[in-house]
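Student: Okay, here's the structure, questions in a sec.
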């Protein structure tokens, strides 16, 4: 089985690639070839792994990279220009979040035209598609994205559904919440403070939180989301009554609860180390998350972290 990952050098992509080395199983099939795409990739590619280094925003390069290898059986599309950067640089976000997604989907169409199987296409969408939310979010909540990033992710979801309807891909779009804990790097993600909070308080360092203690958010640990992505490639779409766009189960918690969990798990005086300095924009975007119900994804076998302590414990786990 040939697996391809876009955004393979990113926080989520690296962790996913470690689970899909040649010889590993995805469902009941062995991975025989792994192709990794990103702007830069570290080290030499081991046997069975191909590194494709380039800019996905350049359509010609991307088409050439896709056509170099054998037919793709499973494609994980993780690469994107995230929220804050997408707001500041619309042309870049359009090329990567829209045009590259279309090129990837059309590669599936070309495979089918050559008499080859349609690839399984796992699209990493985002809870940013919801925008302003009602008191309860469930499988039937309308999407009203309030940022370019969320709008582009919603367009990608619809393309995945349409290309699947035509038989050109076997698509699955999963809406990913905050993933913890990201390394300390400037990625343009406005939600990075959640990861910073866990890392700093776990180390016993003071942290200024840009929300109120009562602010509520949704988040999952990195190992949890990697497991959900792997499951997305193999679950039976019939279990969701044919629905191909799913909001992933995740945990909802107040920021004060997260601080308490960090202190308990890591044995630091976290509650004394945090200073609350609410920023209205950050609070609006990441601190007013309502109750979330995900029965469709749960019926298909997707699971969230067991509890907040488990999330915090896994968030900083090595590897």
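Student: Return yes when residue 164 is at pLDDT below 95, part of a helix (DSSP H, G or I) and in contact with a strand residue (DSSP E or B) (Cβ under 8 Å, 6 or more places away or on another chain) and no when it is not.
Tutor: no
Student: State all residues of region 1-21 that are more than 17 Å from residue 32 (Cβ to Cβ) and assigned to a strand (DSSP E or B); if no residue qualifies, say none.
Tutor: Of everything in region 1-21, just one residue is more than 17 Å from residue 32 (Cβ to Cβ) and assigned to a strand (DSSP E or B), namely 6.
Student: Now for a separate question. Keeping to region 75-119, report how many residues are touching a strand residue (DSSP E or B) at 6+ places or on another chain (Cβ under 9 Å) and modelled with pLDDT under 95.
Tutor: 2
Yes/no matrix, rows are residues, columns are (1) assigned by TED's automatic domain parsing to the domain that holds residue 257; (2) more than 20 Å from the chain's Cα centre (by Cα):
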{"site": "139", "(1), (2)": "no, no"}
{"site": "148", "(1), (2)": "no, no"}
{"site": "168", "(1), (2)": "no, yes"}
{"site": "194", "(1), (2)": "yes, no"}
{"site": "202", "(1), (2)": "yes, yes"}
{"site": "205", "(1), (2)": "yes, yes"}
{"site": "211", "(1), (2)": "yes, yes"}
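Student: Still on this model: Specify which of the listed residues (70, 46) is closer than 21 Å to residue 15 by Cα and modelled with pLDDT under 95.
Tutor: The unique qualifying residue is 46.
Student: Next up: Restricting to region 67-123, count the residues that are part of a loop (DSSP other than H, G, I, E, B), touching a helix residue (DSSP H, G or I) at 6+ places or on another chain (Cβ under 6 Å) and under 19 Å from residue 34 (Cβ atoms).
Tutor: Qualifying residue count, region 67-123: 3.
Student: So, one more: Can you list the helices (runs of 4 or more DSSP H) found entirely within region 259-311 that contain at least 1 residues being under 19 Å from residue 129 (Cβ atoms)?
Tutor: 280-286, 295-299
Student: Got a sec? Which of 29, 50 is closer than 23 Å to residue 230 by Cα, out of contact with any helix residue (DSSP H, G or I) (no Cβ under 6 Å at 6 or more places or on another chain), free of Cβ contacts under 8 Å to residues at least 24 places away in the same chain and surrounded by fewer than 19 Cβ atoms within 10 Å (Cβ to Cβ)?
Tutor: 50
Student: For region 175-228, list the strands (runs of 3 or more DSSP E) that sit wholly inside it and hold at least 3 residues that are at pLDDT 95 or above and buried (at least 23 other Cβ atoms within 10 Å of the Cβ); which are they?
Tutor: The qualifying strands (runs of 3 or more DSSP E) are 216-221.
The values are calculated or read from the model by the stated rules, or taken from the named source; none is laboratory data. These numbers come from a predicted model, not from an experiment. With ideal geometry, Cβ positions are generated from the backbone for all residues, glycine too; neighbour counts draw on all protein chains shown.
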